[in-house]
1. Count, please, the residues in the stretch 205-231 that happen to be farther than 28 Å from residue 329 by Cβ and either at pLDDT 95 or above or assigned to a loop (DSSP other than H, G, I, E, B) (or both).
2. Can you tell me which condition residue 332 does not meet? The list is (1) in contact with a strand residue (DSSP E or B) (Cβ under 6 Å, 6 or more places away or on another chain); (2) crowded, with 17+ Cβ neighbours inside 10 Å; (3) of a type in the set (A, V, I, L, M), and all the others hold.
3. When you check residue 281 against the structure, is it modelled with pLDDT under 95, in contact with a helix residue (DSSP H, G or I) (Cβ under 9 Å, 6 or more places away or on another chain) and buried (at least 20 other Cβ atoms within 10 Å of the Cβ), yes or no?
4. Modelled with pLDDT of 95 or more, in contact with a helix residue (DSSP H, G or I) (Cβ under 8 Å, 6 or more places away or on another chain) and surrounded by fewer than 24 Cβ atoms within 10 Å (Cβ to Cβ): is that true of residue 190 in this structure?
5. Looking only at the stretch 129-180, count how many residues are over 15 Å from the mean Cα position of the chain (by Cα) and either more than 30 Å from residue 275 (Cβ to Cβ) or of a type in the set (Ser, Thr, Tyr) (or both).
6. Filter the stretch 139-159 for residues that are among the hydroxyl-bearing types (Ser, Thr, Tyr) and touching a Leu at 6+ places or on another chain (Cβ under 8 Å) and give the result.
7. Give just the number: which of (1) touching a strand residue (DSSP E or B) at 6+ places or on another chain (Cβ under 6 Å); (2) outside any helix (DSSP H, G or I) does residue 318 not satisfy?
8. Against the definition (closer than 26 Å to residue 207 by Cα and either buried (at least 17 other Cβ atoms within 10 Å of the Cβ) or among the small types (Gly, Ala, Ser) (or both)), how does residue 356 come out, yes or no?
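The values are calculated or read from the model by the stated rules, or taken from the named source; none is laboratory data. Just so we're clear, the structure is a prediction, and the values are computed from it rather than from any experiment. Note that we place each Cβ from the backbone using ideal geometry, even for glycine, and neighbour counts take in every protein chain shown.
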Amino acid sequence: AERSSEVREKDWSVESLPPPSASFPQAGFCVLPSIEHVMPVCESAAGPAPNKCEKRPGERFRTSDKVFGTSMPESVVDQRSPQGVPYTDLQHIVNADGRHLFCRYWEPEGPPRAVVFVAHGAGEHSGGYSDLAKALSGHSLLVFSHDHVGHGQSEGERMVIDDFQVFIRDSLQHIDLMKGRYPDLPVFIIGHSMGGAISVLTACERPNDFAGVVLIAPMVQMNPESATPIKVFMAKILNHIMPSLTLGSIESKWISREPKEVEAYDKDELNYHGGLRVSFGMQLIAATQQIEKAIPAITWPFLLLHGDADNLCHISGSQLMMENTKSTDKKLKVYDGAYHALHHDLPETVDSVLQEVSSWIMERIPGQPAFSP
C-alpha cells in the first residue's frame, strides 16, 4: 500500500560533505540548446556578477516519530513545504544542510523481500513513480523515494544545487535509514534520467552495498549535438558571470509518445516547468564527466532500458556503459521508437518496462523462487 501524503571539477567523495544532522526528468536536458542566443549577452556582459543565493543556515533537529512506526525528524521550528504544508504533516527526512526532503514509501502486504530506492529525474518528483512502485510492491518489494532538494515538496530553491554530490549524499542517507530498519535485505536502486546519474554515482560510492542498479534512460553522457565544446565553454563563462541565467526548458513533447502522459506532465504543479539555469547545467555536465571516469571500474550488476528515439538523454551513454564496464551481470534493452520516460510511454512499452524491472530484481534476490509475472 502506498504510504505517501499528496500534500506534504570537485571532490566527489561523501566524506567531503558534512554528516547528516538527523539519522534516520527529467534529467535529460539537451544541455545548452540555445546557447547561441545568449552569446551576445556574454560578449556584452559588464559589471559585477550577481550575488549567489544565500544559504539557509543548518538547524538542529530532534527525532520523534512517524515513518514505519518509528520516527521522522521533527524540526525545532515550524517548517513548511514549498506548497505551504507543515512538514510535521508530511513524511520526510532532514538532510545534512537542514533541508526537509519529502518522502514516499510503498509497502508490500507481507514481509518485504528487498528494499528498492528510486531516484527521480530533474524537474520532476517522486510521485511520478507511483505506478512502477506499486507494481514492485506487488512482488513483496518495499519501495521508497524522496523529492530531491529543490524539487517537488522538498525544500530548496527550484532546480538550484551548489554541488551535484548533495543528491548522492542525500540518497545514501535515506538508503542508510532503510538499511538500518531492514539490515538483512538486499538493496536495489532504480534511477531515471538525472536520477540515473545519481544512481550510478551512488553505487560507485559504495559498490558492495547494492544487489543491483536499474537505469531507465539514464543521463550518462550529455547530448553530443547540444553539448558541443564551444557551447560548454560558453556555459562555463556564463556560469561565472550570470549563473542564474536560464536557457531552454524541457520540451514535454519528448517525454512520451502517449499524449495523455504529456498532458499529465504539463499539468503537474509539482514538476518544474521553467528554464534550466546555467549553474544547474554545469552541475549536470560535471556529473556526466565524473560518470565517464568511473565507468571502467564499475563491476556491480545493472539493467539498462533506453528508447532509441530519446531526444533528452542520448542512448550513447547507455551504450558506453554496456561496452566499457567490467560488470559481468549487465543487460541493455532498447525500445524501438520510444521516447524518454519509458515508464510513461505507450501502454505496451510501459508493460514491458514493468515486467523487465520486476523480473530482473526478483531474479537477483537470493533464495527466491523463479519469477512469475
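1. Of all residues in the stretch 205-231, those farther than 28 Å from residue 329 by Cβ come to 223-231.
When the remaining residues are screened for being either at pLDDT 95 or above or assigned to a loop (DSSP other than H, G, I, E, B) (or both), the result is 223-228.
Summing the residues that are farther than 28 Å from residue 329 by Cβ and either at pLDDT 95 or above or assigned to a loop (DSSP other than H, G, I, E, B) (or both) in the stretch 205-231 gives 6.
2. It fails just one condition, (2).
3. Details: modelled with pLDDT under 95: yes; in contact with a helix residue (DSSP H, G or I) (Cβ under 9 Å, 6 or more places away or on another chain): yes; buried (at least 20 other Cβ atoms within 10 Å of the Cβ): yes.
The answer is yes for residue 281.
4. Working: modelled with pLDDT of 95 or more: yes; in contact with a helix residue (DSSP H, G or I) (Cβ under 8 Å, 6 or more places away or on another chain): yes; surrounded by fewer than 24 Cβ atoms within 10 Å (Cβ to Cβ): no.
So residue 190 fails the test.
5. Within the stretch 129-180, residues that are over 15 Å from the mean Cα position of the chain (by Cα) and either more than 30 Å from residue 275 (Cβ to Cβ) or of a type in the set (Ser, Thr, Tyr) (or both) number 14.
6. Initial filter on the stretch 139-159 (among the hydroxyl-bearing types (Ser, Thr, Tyr)): 140, 145, 154.
Hit for the stretch 139-159 is 154, nothing else.
7. Failed condition: (2).
8. Working: closer than 26 Å to residue 207 by Cα: yes; either buried (at least 17 other Cβ atoms within 10 Å of the Cβ) or among the small types (Gly, Ala, Ser) (or both): yes.
Criteria met by residue 356.
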